[in-house]
Amino acid sequence: MSQMTEVEGRRLALSNLDKVLYPNGFTKAEVLHYYATVAGAFLPHLRDRPLSFLRYPDGSEGQHFFAKNLPLGTPDWVRTAVVPRSGAGETGRHVLVQDLPTLVWAANLVTEFHTPQWTADTPGTADRLVFDLDPGAPATIVECCTVAGWLRDRLAADGLEVFAKSSGAKGLHILAALEPVPSEQVTAYAKALALEAERELRNLAIHRMARHLRPGKVFVDWSQNTAAKTTAAPYTLRARPTPTVSAPVTWDEVEACARPEDLVFEAGDILPRLEEHGDLFAPLVEPGHAHPLPGAAG
């Protein structure tokens with residue numbers, strides 16, 4: 001059953017608003033309300049970035065699937081971009097979430113929002129550096145915070161301003177704004193730092209994904225800098241048992257983290273955090289905070 005609504009002059013059909021998407025009773029209507037409420041902070045981190053959607057239309061415990069191609073029935077007013085795919089000469093058409101109506105339309109598909117580290121006009125030219133810190137049990141986000149502190153100091157020594165957010169799942173994301181540079185150079189730099197972290201934090205950090213290496217360690221995933229990869233966007237909901245959010249955090253919060261729940265944020269936590277801190281990731285989209293990649297070829 002659909003309900004027609006108007007968002008900034010666009011007519012939208014919103015479906016199944018009373019459908020429960022999370023086991024705690026969080027409904028589709030609440031998902032849409034969350035995104036509309038945080039749109040002012042969220043939209044700048046989506047704008048001009050071709051979206052990949054992780055869809056979970058049957059709820060967080062149902063089937064999940066990635067969708068990159070333009071969904072069937074996409075309104076003609078939704079902005080899109082043709083971007084290269086990994087195959088030689090292959091391209092795909094992706095959604096650009098440029099405004100509130102597009103955000104609400106996309107949220108109605110029940111999605112996580114994932115972005116590349118580049119914008120649609122310069123595919124494969126990164127303006128972000130990202131590390132995804134992923135703990136292997138019994139390690140948790142607490143151990144990720146230790147690795148994050150090391151990375152922050154190491155990146156600062158290379159002249160980069162570093163920001164952190166919860167992944168909304170188990171780990172932590174570390175990002176820095178870059179002057180545009182080929183993704184291959186960012187990937188090589190990130191891999192070198194992951195190897196350095198493994199050497200310096202020998203009993204804690206690893207740079208390889210192999211499962212048998214990961215128990216009790218933090219996987220420093222450098223590979224998300226590859227042009228074909230995407231990362232959960234700041235403020236996206238995640239398809240987890242509860243409506244957790246990939247939430248920007250302060251470095252004081254990272255340093256103080258003593259229990260995994262210290263850095264778990266759900267939809268209802270985000271507006272109060274925005275009122276208290278503003279958008280902690282705003283520097284990533286503001287002029288003046290991008291720095292050159294150390295050692296990048298000119």
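Bear in mind that the values in this text are calculations on the coordinates, not laboratory data. Everything quoted here is computed from the prediction, not taken from an experiment. Counting neighbours? That spans all protein chains shown, and the Cβs are built from the backbone with ideal geometry, glycine included.
Using Stokes-Einstein with the Kirkwood hydrodynamic radius over Cα pairs, what translational diffusion coefficient do you get for the range 125-225 at 20 °C and a viscosity of 1.002 mPa s, in µm²/s rounded to a whole number? Mind showing how you got there, number by number?
Values: Rh = 13.3 Å.
This corresponds to a translational diffusion coefficient of 161 µm²/s.
Give the span of the range 12-96's Cα atoms along each principal axis, as three whole-Å numbers ordered largest to smallest.
45, 30, 22
Would you mind counting up the charge near R211? Only other residues with Cβ under 12 Å from its Cβ, with Lys and Arg at +1 and Asp and Glu at -1.
+2
List nothing, just return the count: lysine pairs in the chain, 8 or more apart or interchain, with Cα separation under 25 Å.
Eligible lysine pairs with Cα atoms under 25 Å apart amount to 17.
Take the Cα of H212, step 7 Å along the line toward its Cβ, and report every residue of the range 135-158 whose backbone nitrogen sits under 19 Å from that point.
What the label zone holds, given the 19 Å backbone N cut-off, is 136-138.
Identify which of R214, R55, R11 has the largest mean-square fluctuation in a Gaussian network model of the chain, with springs joining Cα atoms closer than 10 Å.
Comparing R214, R55, R11 in a Gaussian network model of the chain, the most mobile one is R11.
What ratio of Cα Rg to 2.2 N^0.38 Å holds for the range 215-298?
1.32
Using mean Cβ contacts within 10 Å as the protection proxy, how do 106-112, 244-250 order, highest first?
Ranked from most to least packed, the peptides come out as 244-250, 106-112.
Please list, by residue number, every one of the trypsin sites (Lys or Arg not before Pro) in the range 178-229 that is coil in DSSP and has at most 10 other beta-carbon atoms within 10 Å.
For trypsin sites (Lys or Arg not before Pro) across the range 178-229 that sit outside H, G, I, E and B with at most 10 neighbouring Cβ atoms in 10 Å, the list reads R202.
Which distance in Å, rounded to a whole number, links the C-alpha centroids of the range 118-146 and the range 251-283?
A separation of 17 Å, based on Cα centres.
Could you grab the relative contact order for the range 125-225? Cα pairs under 8 Å, six or more apart, rounded to a whole percent.
Once divided by the residue count of the range 125-225, the mean separation gives 42 percent.
When only C-alpha pairs under 8 Å and at least 6 residues apart count, what is the relative contact order of the chain, in percent?
RCO, the chain: 20 percent.
Which value, in debye to the nearest 20, gives the size of the charge dipole of the range 58-158 about its Cα centre, when Lys and Arg are +1 and Asp and Glu are -1 at the Cβ?
260
Measure off 7 Å from each Cα along the Cα-to-Cβ vector at A137 and D262, then give the distance between these two points in nanometres to one decimal.
Modelled inter-label distance: 2.2 nm.
Quickly work out the T74-to-T91 label distance, labels modelled 7 Å from Cα along the C-beta direction, and quote it in nm with one decimal.
Distance between the two pseudo-spin positions: 1.3 nm.
Relative to 2.2 N^0.38 Å, what does the C-alpha radius of gyration of the chain come to as a ratio? Two decimals please.
Taking the Cα Rg and dividing by 2.2 N^0.38 Å, one obtains 0.98.
Could you tell me the distance between the Cα centroids of the range 165-190 and the range 196-244, to the nearest Å?
The range 165-190 and the range 196-244 have Cα centres spaced 11 Å from each other.
Taking 8 Å as the Cα distance limit and 6 or more residues as the minimum spacing, I'd like the relative contact order of the range 1-126 as a percentage.
Numbers: 207 pairs, mean separation 35.8, N = 126.
That works out to 28 percent.
How much length is gained on full extension from A188 to E255, taking 0.36 nm per residue of separation minus their Cα-Cα distance?
21.3 nm
Report the one residue of N16, V162, G40 whose Cα lies farthest in the direction of the positive end of the charge dipole of the chain (charges on C-beta: Lys and Arg +1, Asp and Glu -1; origin at the Cα centre).
Positive-most Cα among the choices belongs to N16.
Using Cβ counts within 10 Å as a stand-in for footprinting exposure, how do S2, S60, S15 rank, fewest first? Before the final figure, lay out the partial values.
Details: S2 11, S60 21, S15 14.
By the 10 Å Cβ count, ascending, the order reads S2, S15, S60.
Could you work out how far apart the two model spin labels at V82 and S15 are, taking each label as a point 7 Å from the Cα in the direction of the beta carbon, and quote it in nm?
It works out to 2.9 nm between the two label points.
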